[in-house]
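Since the structure comes first, as structure tokens, the remarks are kept for the end.
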Amino acid sequence: MAGKKGSSPSVYKYYKVSGDKAEKVRRECSRCGKGVFMSSHKNRRSCGKCGFTEFNQ
């Protein structure tokens with residue numbers, strides 16, 4: 001098997017570690033909740049799981 005379905009090997013890109021604290025780099029989806037991050041585009045943010053989109057102003 002290649003791996004578990006839905007697992008993200010690049011999850012370390014979503015957090016920034018400084019000292020003993022970890023900060024989230026990307027925004028979480030307001031519909032899906034914790035653990036589901038939104039992708040950043042030129043004029044919007046979108047969730048890859050549910051398709052929710054927020055437009056920048």
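Listed values, structure above:
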| read-out | value |
| --- | --- |
| Count - residues of region 17-57 that are of a type in the set (Lys, Arg), at pLDDT below 90 and assigned to a strand (DSSP E or B) | 1 |
| Top-ranked residue in region 29-57 [being touching a strand residue (DSSP E or B) at 6+ places or on another chain (Cβ under 6 Å) and among the charged types (D, E, K, R); ranked as nearest to Ser10 (Cα to Cα)] | Arg45 |
| Filter result (within 9 Å of the chain's Cα centre (by Cα) and among the β-branched types (Val, Ile, Thr)) within region 5-57 | Val11, Val25, Val36 |
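The values are calculated or read from the model by the stated rules, or taken from the named source; none is laboratory data. Note that the structure is a prediction, hence the values are computed from the model and not measured. Neighbour counts run over all protein chains shown; Cβ positions are idealised from the backbone, glycine included.
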